[in-house]
Every structure is written in structure tokens, then in C-alpha cells.
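> One structure coming up, written as C-alpha cells, with questions to follow.
Each reported figure results from applying straightforward, stated rules to the coordinates on display, with no laboratory input. Note that the structure is a prediction, hence the values are computed from the model and not measured. Every residue, glycine as well, gets a Cβ built from its backbone with ideal geometry; the counts of neighbours run over all protein chains shown.
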Amino acid sequence: MLLVIDVGNTNMTMGVYEGGKLASTFRIMTKTPRTSDEYGILITQLLQNKGIEAMSLEGSIVASVVPDVMHSLLGGLVRYTKTRPMNVGPGMKTGIRIITEDPRAIGADRIVDAVAAYEKYGGPVLVLDFGTATTYDLITEAGEFAAGITAPGIRISSEALWTQAAKLPNIEIRKPKSILAQETISSMQAGLVYGQIGQTEYIVRKVKEESRLKDLKVVATGGLGRLIANETDAIDIYDSFLTLDGLNIIYEKNRR
């Protein structure tokens, strides 16, 4: 069995693969400071709750955009699972060639998403990840990471509203009954959700126009990705486990 961990700015999403198939998933918060022992014990307990013994793991792999947690997290994995965690970064075999101006600046999570989308759906493909940031990454038919767009995520936009405007509340992010809002909460929801839909449709259209890739597949993932994907024809596929699948694919490419 393989433990895969996607360390995002808000949450760590973890999955266990058995025989190449995703058997279990769980999440913990990234922003909570933890020691290596705390990570080790927490992960061990989460695995046990799923009926999995930590010592039965054959390997582990981590992709992180939060460097500050890595020393403790990797230490906890080594101590409590007895695996040697792979850390997604330069030098790993991915099957994707990055041709942007500064390849080392591309986040590990974006590389993992690109690998999964290309391996599962082929190229050319535009990968959308609705996380803390909303990202759009273009992978060519030849497997080249050619371009990327980064925008504030829906939750960041929501937080900016209620922290910077004294009379605006913290709200649940969901699509209101109508865009014609008549009170504060639904007006914020309308702006956030329909604004994200509009941004998505415009960016996808512009990427297709400038890349001249008319057969470009559009694949979305991320916590709020389903909400957006259900409301627009600009997204062809929503894949909630794209990042975890990418980690599994990269592990298999590098295990030997």
C-alpha cells in the first residue's frame, strides 16, 4: 500500500492506494503547527480508523506548497511508517517537460495535477484546480507544461470581503437561488460564485484562442471545483481525486 499526501495551503489531503486503486482518503489542517511525533501519531490514528496499519505501508510520497511543515511531516512519516517518503520536486521522473521561463518556480501541486491529467485524459489539456488559489495550467499534446495562470481562489476572495469590509459577514460559499440578490449574504454568494464562473469561462476561452488548440480538453479538480463545473460547459471533466492520482502515478514512475 502507498500513502500519498498533498500539502496545500489550507488542508493536507491524504490517500492510500492499494493495487493501484484509491482505497481511502482523509484530511487534516495544514496551518496547525505540529511536531514530527504529532504528525506521526495523527497519521497513524487516521490510518487505523480506516482499518490500515501504518507499518503495512510500502511507500509514501508528498507534494507540498508549504515548505515550513515539511521537516516535521517527513520526520513523522519516517519514524511512524518506516517508509522513505518521496518529495515531489526537481529531478523526479514525471513524464511532463516544463517549458516555461522558470521551471523551478512551478508548484509541486501543479506538476502533480498536470501529470495526472495528461496520463488519464491525454493532451492537449487545460488543468483547473480550485484550491486556495485557482490555477489554470496548459499541457500540450507532447506532454509539455507550456503555460499557467494563477488567480485568487473563491475562499480567498470571500475572506477578503469579510475581513476588509466592516459590515460584510463570513458566509457559506454556495450558489444562491438567483443572481438577482436582494440581501447581503446572497449578494456576496452571487458575486463570488457567478464571478468565478465568469472568470473560468473567459480564461478558458482566451487560452483556446491564443493557443489555437480547438480540441483542448478542460479538466477541473479542487474542493470547490464541482460547484463551478456543474454550472458551466467550459469544463469537460471534474475529477475530485486528480492530485492524489498524480502522486500515485509519479511514485510508480520513480519507485525503482
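> What does the net charge come to around Leu57 if you take all other residues with beta carbon closer than 14 Å to its beta carbon, with K and R at +1 and D and E at -1?
+2
> Just name one of Phe26, Ala229, Ile173: the one whose Cα is farthest towards the positive end of the charge dipole of the chain (beta-carbon charges, Lys/Arg +1, Asp/Glu -1).
Of the options given, the answer is Phe26.
> List the lysines whose Cα lies under 19 Å from the Cα of Lys208, skipping any in the same chain that are fewer than 8 positions away.
Lys217
> Now, a different point. Could you sort 155-165, 1-11 so that the peptide with the highest average Cβ count within 10 Å comes first and the rest follow in order?
Ranked by mean Cβ neighbours within 10 Å, highest first: 1-11, 155-165.
> For the stretch 97-247, treating each Cα as an identical point scatterer without solvent, what Debye log10 I(q)/I(0) comes out at q = 0.09 1/Å?
-0.30
> If you don't mind, there's one more thing I want to ask. For the chain, give the magnitude of the charge dipole about the Cα centre (Cβ charges: +1 Lys/Arg, -1 Asp/Glu; no others), in debye to the nearest 20.
With Lys and Arg at +1 and Asp and Glu at -1, about 280 debye.
> What do you get for the angle between helix 70-81 and the principal long axis of the chain? Use alpha-carbon atoms, 0 to 90 degrees, nearest ten.
Approximately 50 degrees, to the nearest ten.
> Cβ neighbours within 10 Å, averaged per peptide: list 79-90, 214-225 in order, most packed at the top.
214-225, 79-90
> Quick one: net charge around Asp68, please, counting Lys, Arg +1 and Asp, Glu -1 for every other residue with C-beta under 15 Å from its C-beta.
Neighbourhood net charge equals +1.
> With the cut-off at 18 Å, tell me which of the pairs Lys31/Lys175; Lys175/Lys206; Lys21/Lys50; Lys120/Lys175 have Cα atoms farther apart than that.
Distance filter (> 18 Å) returns Lys31/Lys175; Lys175/Lys206; Lys120/Lys175.
> Calculate, in whole percent, how much of the Cα-Cα pair population of the stretch 2-87 lies beyond 23 Å.
Distances greater than 23 Å cover 10 percent of the Cα pairs.
> Still on this structure, please answer the following. Go through Tyr251, Leu74, Gly91 and say which Cα lies farthest out towards the positive end of the charge dipole of the chain; charges sit on Cβ, +1 for Lys and Arg, -1 for Asp and Glu.
So the residue furthest toward the plus end is Leu74.
> Cα centroids of the stretch 16-40 and the stretch 44-69: how far apart, whole angstrom?
After rounding, the separation between the Cα centres reads 4 Å.
> Turning to a different aspect of this structure: For the stretch 212-249 and the stretch 97-126, what is the separation of their Cα centres, given in Å?
Measuring centre to centre over Cα atoms gives 13 Å.
> Determine the percent antiparallel among the DSSP beta bridges restricted to the stretch 97-247, to the nearest 5.
Antiparallel bridges: around 60 percent, rounded to the nearest 5.
> Still on this structure, I have one more. Report, in debye and to the nearest 20, how large the dipole of the stretch 97-247 comes out about its Cα centre when Lys and Arg carry +1 and Asp and Glu carry -1 on their Cβ.
In debye, rounded to 20, the stretch 97-247 gives about 380.
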